[in-house]
Amino acid sequence: MKSKDKSLEAAFRYARSQTAHYSKSFFFSATFLPKEKRWETYALYGFCRYADNIIDNPRGRTTEELIEEVNSVIREIKIAYRLGESEHPIIKSFIHVAKKRNIPIEYPLELMEGVKMDLTRNRYNNFDELYQFAYRVAGVVGLMMSYVLGYKDESALVYAEQLGVAMQLTNILRDVKEDKEMNRIYLPLDELERFGLTEEDVLSEKMNVRMRRLMKFQVKRAHRYYHEADKGIKMLTPNTQFAIYSASRIYQGILMKIEARNYNPFLGRVFVKQSKKMLILFSEIWKSRIVRPAFNLLSW
């Protein structure tokens, strides 16, 4: 990132370091993007990571103090969008990208509202409520990423939202055990009841046929969102599609790991090995640069 503004260049480099620290596989994938989009992706990731860290790293702060911290970020976002600048260490590079790529202010504001939801709620009555949370903390990330990567058709945004929601649903299914240890249950309460389960069954790790059926239902729903979202990836700028195809396949790999455990969410967090992630990434790069262009040429 070369810039006449040295402080802006430093802000982009800070966002890059945050990406490298918190998501090595995402950082590695981004290195294959065109240079300009690569640095813009770092800025976007850095901002989203900063928002997540308010919850993930509470630093001994009370809920009230964390909500005020979120509100201060919201105020800074609004001012930054109005003036086109910020001296906030992570918003500085983000607002540069947001204004350049015309990212609507509603998206980062929705993300911060999602952070507040996670600070004040630990249960969701139904899937509509859960969807709102997933949209805010992940769906809008997919939308913002679409503006950075570029798209050929407005309908790509619908699919970007679906992919973000699919990824958040995957995180929820992966983290059932970790979340319940913090008294958090993201599985919709009405769906627990529908399958003959209670909150206590989750908290006590009661693995039985009913729990397995519930988890199978949740996994199938997440797969449906991925399947729908795939339609939109081909609407992105061709030399960026590999990154989103890779992310989608890696996250679907988490669902397959859950399936391989016979849908037991209490055996600990599943993950996709780094070697597998790299295989998926290089496979998608090869497809995007050789297979798909050749197929399109033959079709023509």
* Structure fact -> Restricted to the range 6-32 and to residues being more than 18 Å from the chain's Cα centre (by Cα) and buried (at least 19 other Cβ atoms within 10 Å of the Cβ), the residue farthest from Ile67 (Cα to Cα) is Phe12
* **Some residue of the range 207-215 being loosely packed, with under 15 Cβ neighbours inside 10 Å and either among the aliphatic types (A, V, I, L, M) or not assigned by TED's automatic domain parsing to the domain that holds Glu154 (or both)** => yes
* Asked: How many of the residues making up the range 165-206 are under 23 Å from the mean Cα position of the chain (by Cα) and outside any loop (DSSP other than H, G, I, E, B)?
  -> 15
* To do: Give the residues of the range 123-133 that are of a type in the set (S, T, N, Q) and either touching a Leu at 6+ places or on another chain (Cβ under 8 Å) or over 18 Å from Gln218 (Cβ atoms) (or both), sorted by residue number.
  => Asn125, Asn126
* **First in the range 126-149 and not assigned by TED's automatic domain parsing to the domain that holds Ile233, second anywhere and at pLDDT below 95 and in a helix (DSSP H, G or I), Cβ under 9 Å, 6 or more apart** => none
* Asked: Which pairs do you get when a residue that is assigned by TED's automatic domain parsing to the domain that holds Glu106 and among the polar types (S, T, N, Q), found in the range 49-74, comes within reach of a residue that is in a helix (DSSP H, G or I) and surrounded by 12 or more Cβ atoms within 10 Å (Cβ to Cβ), reach meaning Cβ atoms under 8 angstrom, with the pair 6+ apart or on two chains?
  -> Thr63/Leu119
* Hey, among Arg136, Arg121, which residue is crowded, with 19+ Cβ neighbours inside 10 Å, modelled with pLDDT of 95 or more and basic (Lys, Arg)? -> Arg136
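The values are calculated or read from the model by the stated rules, or taken from the named source; none is laboratory data. No experiment lies behind these values; they were computed from the predicted model shown. FYI the Cβ positions are ideal-geometry reconstructions off the backbone, even for glycines, and counts take in every protein chain you see.
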